[in-house]
Structure formats: structure tokens, C-alpha cells
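This report concerns only the one structure given below.
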Amino acid sequence: MNENEKIREELLNAVNGLSDEQLNAQPEPGRWSIIQVLDHLYLMERAITKSISDKLKSDESIPAVDKPIELTLNREVKVQAPPFVIPSESYQTLIEVKEKLSESRKAFVQVVDHAKEIDLEQKSFPHPLFKDLSLKQWIPFVGLHEKRHLLQIEELKAKLL
């Protein structure tokens, strides 16, 4: 979780100082704005938290072998976001999105902190590319996913400035 917190801090530092107009601008047609990337991260963290929570409440145990989740950082491999994590196209302020990210992180930390280690190791749910991921691997995946999008945010910033 410490690594996830460091990545979140980097992510927020990367967008500080940008105006809401810059954050909502689409540097390229058909690509997300920076605010949409942040909204996507909020939706993703919320969805993963709910899935982990649901699995922890379930009696079902499906162990999964560790997957090379560090490949998440490879931006050469394009991944289509599932519909439930596609961000809103409406104008949002950085303050609004930071609040949402703070809320999703608190919920994520709470679920993880109250989980038993054995459950995190013995339970899983599928990822679109990696297939079954243990709950334990979903935890660092959240950070890696944010780091992937931090790279995207840096690319978008370079086109804006």
C-alpha cells in the first residue's frame, strides 16, 4: 500500500498547477482529457474495491497463480477500458476529482486493512488481460495502473503546454 500512496502522490503532483480548462481539454480527438484519466482512475479503484469486498464476503475460494502485473506499465500494449470505468465527458474541476479519488482510496484502504492475509492469497477475480488475479495482486495492480496512466498524463501535458 505504501507504493500505491507514493504513486498517488506523484499523480496528484503531476496535475497540480494546471487549470481546470487545461485539465478538461482534449489534446487529440478521440483521446481522454487529463480530468477523464483521473476520473477513470477513480472509477477503476472503486470497481476493484467493490470486487475485493464482494470476494472477501463470499465463501468461494479460487486461488490464482501470480501474474506479471508489472506489464501494466507497458504503454505499447493498448487496452480497451471496460464500459463501467469509462469516464464521464462532462466538465469536472480538479477539486471535484481529487475528492472522488480521496473517497475511493479511503474505501480501498479500509477494505484491504480489514482483510485476512489468507483470504487475499486464496481468493481471486478476473482481470481482462491477466485472467484470474489474487486479491493480494489486485492491491499493487491499483498502483501500477495509476502509474501507467501517470505516463499518459505526462504525454497529454506535453501536448497541452
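Values quoted throughout were computed directly from the atomic coordinates according to the rules given, and no laboratory measurement underlies them. If you're wondering where the values come from, they're calculated on a predicted model, not measured in any experiment. For neighbour counting, all protein chains shown are included, and Cβ atoms are generated from backbone atoms with ideal geometry for every residue, glycine included.
Tilt of helix 34-57 relative to the longest C-alpha principal axis of the chain, in degrees (0 to 90, nearest 10)? Relative to the chain, helix 34-57 is tipped by roughly 10 degrees.
Site pair SER51 and LEU151 shows an inter-label distance of 2.1 nm when each label is modelled 7 Å from Cα along Cα→Cβ. Using alpha carbon centroids, what distance separates the stretch 64-113 and the stretch 2-45, in Å? Taking the Cα centre of the stretch 2-45 as reference, the centre of the stretch 64-113 is 10 Å away. Please give the residues of the stretch 1-18, grouped as numeric ranges, whose backbone N is less than 18 Å from a label point set 7 Å along the Cα-to-Cβ vector of LYS98. Residues 5-18 qualify, since their backbone N sits under 18 Å from the label point. Would you tally the net charge around LYS57, using a Cβ to Cβ cut-off of less than 13 Å, leaving LYS57 out, and scoring K and R as +1, D and E as -1? Neighbourhood net charge equals 0. Averaging 1/r across all pairs of distinct Cα atoms in the stretch 70-141 and inverting the result yields a Kirkwood radius of 14.7 Å. When a/c reaches 1.5 or more, the comparison of a/b and b/c decides; with that in mind, is the stretch 47-101 rounded, prolate or oblate per its Cα gyration tensor? It is oblate, given that a/c is not under 1.5 and a/b is not larger than b/c. Compared with the dominant principal axis of the Cα atoms in the chain, helix 135-160 is inclined by about 10°.
Between HIS127 and ASP132, LEU133, the built amide H atoms are under 5 Å apart, and every one of these is 5 or more places off in sequence or on another chain. For the stretch 54-97, the residues whose amide N sits under 17 Å from a probe point set 7 Å from the Cα of GLU10 along the beta carbon direction are 69-76. Largest first, the extents of the alpha carbon coordinates of the stretch 1-94 on the three principal axes equal 47, 25, 25 Å. With one equal scatterer per alpha carbon and no solvent term, the Debye-computed log10 I(q)/I(0) for the chain at 0.12, 0.14 1/Å reads -0.53, -0.71. Calculated [222 nm] ellipticity per residue, helices only, for the chain: -19500 deg cm²/dmol; basis is -39500 (n - 2.57) per DSSP H run with n ≥ 4, divided by all residues, nearest 500.
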